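Below is one structure, written out as structure tokens; the observations come after it.
The values are calculated or read from the model by the stated rules, or taken from the named source; none is laboratory data. This one's a predicted model, so the numbers in the text were calculated from it and none came from an experiment. Every residue, glycine as well, gets a Cβ built from its backbone with ideal geometry; the counts of neighbours run over all protein chains shown. For accessibility, only protein heavy atoms count, side chains too; no ligands or nucleic acids. Shrake-Rupley method; radii C 1.70, N 1.55, O 1.52, S 1.80 Å.
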Amino acid sequence: MATEGKPPRLALEGITKRFPGVLANDDVSFSVAPGEIHALLGENGAGKSTLVKIIYGVLQADEGRVLWDGEPVSIANPKAARRLGIGMVFQHFSLFEAMTVLENIALGLDHSFSWRELQQRVGDILKTYDLPLDPNREVHTLSVGERQRIEIVRSLLQSPKLLIMDEPTSVLTPQEVDRLFETLRRLAAEGCSILYISHKLNEIQALCDTATILRGGQVVATCDPREESARSMAEMMIGASLRDVSRKPGTDFGPERLRVTHLSAPGEGPFGVPLKDINLSVRAGEVVGIAGVAGNGQNELLAALVGEIEGAESGNIFLDGVPSIAAHVGDRRRDGMCSVPEERNGHGAVPACSLTDNAVLTARHRMELASHGFIRYGAAEKYAEQVISAFDVKATGPRAPAASLSGGNLQKFIMGREILQKPDVLIVSQPTWGVDAGAAAAIHQALVDLAAAGSAILLISQDLDELLALCDRIAVINGGVLSDMLDVEGISIERVGLLMGGMHGEDAAGNGGDRGEPRHDPLEEQVHAA
Amino acid sequence: MTTAILISIIMTLVGAATPILLAALGELVVEKSGVLNLGLEGMMLIGAVTAFGVTFTTGSASLGLVAAMAAGAAASMIFAFLTLTLTANQVATGLALTIFGIGLSSLIGQNFVGRTVSGLEHIFPAALADDPIGRVVFGYSPLVYLSLVMTAFVAWFLTRSRAGLILRAIGESDEAAHSIGYSVIRVRYLAVAFGGAMAGLGGAYYSLVMTPMWADRLTAGRGWIALALVVFASWRPLRLLGGAYLFGAVMTLELHAKAAGINIVPPEFLAMLPYLATIVVLTLISIAPSGRRNAAPACLGKPFRATG
């Protein structure tokens, strides 16, 4: 909390930063008091990361000045920032996969050290802040929460006076988030200021003392997040009123359209997670969610379902009752299974190709965009145009290269490309990852409408809010194992969190008490009846 | 087999192994920093001809050695400028460097063909090398001992020193290293220069120690073997030492088999053994459980552009 009479720990005055064609920061001013937890709130592209890079010395401001404890300073590089006492935990961790935790920590220090001394100090910090982490493990064996702890320990070793956290919770389980917040509150109580960057409003309300809201590079408001509603902050953030996803609670689902039985598949790449005996089913008109922390088999699940793992999978997949495990990717698409992978660039779309070409890539069977080995270019372009207008994609036209679109617009195009094919089954992974709130709302609405039209949707996401808003049932994937399905109505977030953290069976079930008696899965009955 | 033959086998083996060990040590450090320099053969040839030329004109072999290292490093700087500063494709640039090195060494060496120089002096008194056992231990060129010292140094540098830790980190993830605040490009320049100097030294071994006489394409493709050796050793200095002597043994086997009149396997088969062994090792690395697969630096061969 701000102390009377003392200068703010960090103050920005009129910071302006231009990139070719973009004004990233426009006359931004705000200040952070010692021991304050200050939120920096804004959409993607609002200028948060540019601002933080200026504070951390990665970029230099074109205009304006930075004051540290009341003194104007120039921060030439991250080293200078660390010397002042600024620590930073990046959204994408700066970690070295093949090295140990301790080596990673050593690399983040500016001065030399003796191994023994470092080991001692790291051990002390882990104990003081009660952070579970084994210094001798190699990073690629760690969970995302543990990786983040490495970054935090790295920063704490420098005894920072200001700690910048860039979207720290986007990859954590609810329990890990709670643990992180405890650590942050403790640091703040010790006088360390925290600059907390996020677009998750409920977290900011739970944690922060002050919020500065950025939009289009400008400060649009500074407020006390506890006195604002999440909705009012969201509207300040996007500069428009928010549209709600309208969805009628589904009870009368159609027949089963997708059924997966005993599906197992090897992990992808050296750090992949093998799938173990996955069973699930999705009915017409239903949205089924797969929750879980990144890297627990989601990529493998999508790949196995759409047919990208050829020959290595066992078990079976039924599309409208037809066994499809042997069908190739293209055949499965033709038969009605469309998909949107997590990675837009390079997996969902070819960045260098035009939108028309990208439309042909997945829609050629169902929309008849190719015949006898030739592309029907006119039809393809028309289809791309149709997607662009139906999904309000901001692009110069169907000939625009996919790479020229912003993340949100490209995602809308990819979603539209699949949805307009009227798939029987749609499998989507992280549909709103890195997409702004406006586009996210449009994508959510499109998914709900598609389900209402009778498609079966499998939604893989790390965003619990998204899953709870859209899904009828949810299962959690952890270490390649899928939990039992939970009805979203009356679901216990705590239980989902425990499942995400890998607590299966007795423990997790015991905590699901607020759901009352575990209901008999209607699906099971249906299966037995069949 | 008499002792004399055994000793001569060991000595030719060490002789064949040393230059590829020197060059491969340099390349190991380069690759650990995330750069793939396929110009090894070219830099070795440039080093070889420079060593010969300087020794021939000044009469000092040690001056020749220093010049060879400088020339190798200079040649590697062409590569570094193209690939690191201008972010050109490393594979294409490395191949071009090899072709360039072959041509340049032929051009410079034109007037030296068939000439001889007095090679590098031994460091141990000749008396020590009189008896056969003494010869196996003390009877080599100083470069042989240097290559052993350098192996130990590189092993220590990579695993024990802070600079080595940074270098490995940059090879693992240039982006992460950059965001922490390390100068990726500067470290890679230094690594490539070291690699060039070591390649020059390896080349000098051919023109000053092995055959103190100039002939066109003196290194005869050994640069490629050194490249294969780095992969064969899965980027570990001590395995590199073992691999170099193994490759050296295979290369000399050919000669000794011929000398002994053994004709069971065609010599061409023996000549291809090092490459075959490398393919086998690559296969083994690929089918190994995932934990051991990350032997190759993750950023090997990827261009790095510093962004915001």
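Looking at the range B:205-305, what helices (runs of 4 or more DSSP H) fall wholly within it and have at least 1 residues that are of a type outside the set (Phe, Trp, Tyr), over 29 Å from B:Phe52 (Cα atoms) and within 14 Å of chain A (Cβ to nearest Cβ)?
B:267-287, B:290-293
Look through the range A:132-149, keep the residues that are among the polar types (S, T, N, Q) and open to solvent by 10 Å² or more (accessible area, probe 1.4 Å), and return whichever of them is farthest from the other protein chains (Cβ to nearest Cβ).
Of everything passing the filter in the range A:132-149, A:Ser143 is farthest from the other protein chains (Cβ to nearest Cβ).
Would you confirm whether or not the range A:152-174 contains a residue that is touching a strand residue (DSSP E or B) at 6+ places or on another chain (Cβ under 9 Å), within 14 Å of chain B (Cβ to nearest Cβ) and among the polar types (S, T, N, Q)?
Scanning the range A:152-174 turns up at least one residue that is touching a strand residue (DSSP E or B) at 6+ places or on another chain (Cβ under 9 Å), within 14 Å of chain B (Cβ to nearest Cβ) and among the polar types (S, T, N, Q).
Which condition breaks for A:Ile15 when tested against (1) in contact (Cβ under 8 Å) with a residue 60 or more places away in the chain; (2) more than 14 Å from chain B (Cβ to nearest Cβ)?
Going through (1) in contact (Cβ under 8 Å) with a residue 60 or more places away in the chain; (2) more than 14 Å from chain B (Cβ to nearest Cβ) one by one, A:Ile15 breaks only (1).
Tally time: how many residues in the range B:238-251 are within 12 Å of the chain's Cα centre (by Cα) and open to solvent by 10 Å² or more (accessible area, probe 1.4 Å)?
Going through the range B:238-251 one residue at a time, the tally reaches 1.
Of the residues A:Val22, A:Val52, which single one is within 26 Å of the chain's Cα centre (by Cα), open to solvent by 50 Å² or more (accessible area, probe 1.4 Å), aliphatic (A, V, I, L, M) and more than 22 Å from B:Arg162 (Cβ to Cβ)?
Going through A:Val22, A:Val52 in turn, just one is within 26 Å of the chain's Cα centre (by Cα), open to solvent by 50 Å² or more (accessible area, probe 1.4 Å), aliphatic (A, V, I, L, M) and more than 22 Å from B:Arg162 (Cβ to Cβ): A:Val22.
Give the number of residues within the range A:307-318 that are open to solvent by 10 Å² or more (accessible area, probe 1.4 Å), under 24 Å from A:Pro423 (Cα atoms) and in contact with a strand residue (DSSP E or B) (Cβ under 8 Å, 6 or more places away or on another chain).
Count: 5.
Only one of (1) under 28 Å from the mean Cα position of the chain (by Cα); (2) open to solvent by 10 Å² or more (accessible area, probe 1.4 Å); (3) at pLDDT 90 or above; (4) assigned by TED's automatic domain parsing to the domain that holds A:Asp484 fails for A:Val350. Which number is that?
A:Val350 satisfies all of (1) under 28 Å from the mean Cα position of the chain (by Cα); (2) open to solvent by 10 Å² or more (accessible area, probe 1.4 Å); (3) at pLDDT 90 or above; (4) assigned by TED's automatic domain parsing to the domain that holds A:Asp484 except (4).
Could you please give the count of residues in the range B:171-192 that are surrounded by 20 or more Cβ atoms within 10 Å (Cβ to Cβ) and either closer than 21 Å to B:Gly72 by Cβ or within 22 Å of the chain's Cα centre (by Cα) (or both)?
5
Residue by residue, here is whether (1) in contact (Cβ under 8 Å) with a residue 12 or more places away in the chain; (2) more than 10 Å from chain A (Cβ to nearest Cβ); (3) in contact with a helix residue (DSSP H, G or I) (Cβ under 7 Å, 6 or more places away or on another chain) holds:
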{"site": "B:Ser147", "(1), (2), (3)": "yes, yes, yes"}
{"site": "B:Met150", "(1), (2), (3)": "yes, yes, yes"}
{"site": "B:Leu158", "(1), (2), (3)": "yes, yes, yes"}
{"site": "B:Arg162", "(1), (2), (3)": "no, no, no"}
{"site": "B:Leu165", "(1), (2), (3)": "no, no, yes"}
{"site": "B:Glu172", "(1), (2), (3)": "yes, no, no"}
{"site": "B:Ala176", "(1), (2), (3)": "no, no, no"}
{"site": "B:Ile180", "(1), (2), (3)": "no, no, yes"}
{"site": "B:Ile185", "(1), (2), (3)": "yes, yes, yes"}
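Is there any pair linking a residue in the range A:456-477 that is touching a residue at least 24 places away in the same chain (Cβ under 8 Å) to one that is polar (S, T, N, Q) and in a strand (DSSP E or B), with Cβ under 7 Å and at least six apart or on different chains, and which?
Matching pairs, first to second residue: A:Ile460/A:Ser429.
Of everything in the range B:93-149 that's in contact with a Gly (Cβ under 6 Å, 6 or more places away or on another chain) and modelled with pLDDT under 80, which residue is most open to solvent (accessible area, probe 1.4 Å)?
B:Leu128
Please go through the range A:193-213 and pick out each residue that is open to solvent by less than 20 Å² (accessible area, probe 1.4 Å) and farther than 30 Å from A:Gly295 by Cβ.
A:Ser193, A:Ala211, A:Thr212, A:Ile213, listed by residue number.
Among the strands (runs of 3 or more DSSP E) lying completely within the range A:53-131, list those that include at least 2 residues that are within 24 Å of A:Arg186 (Cα to Cα), touching a Leu at 6+ places or on another chain (Cβ under 7 Å) and within 14 Å of chain B (Cβ to nearest Cβ).
Here the list reads A:86-89.
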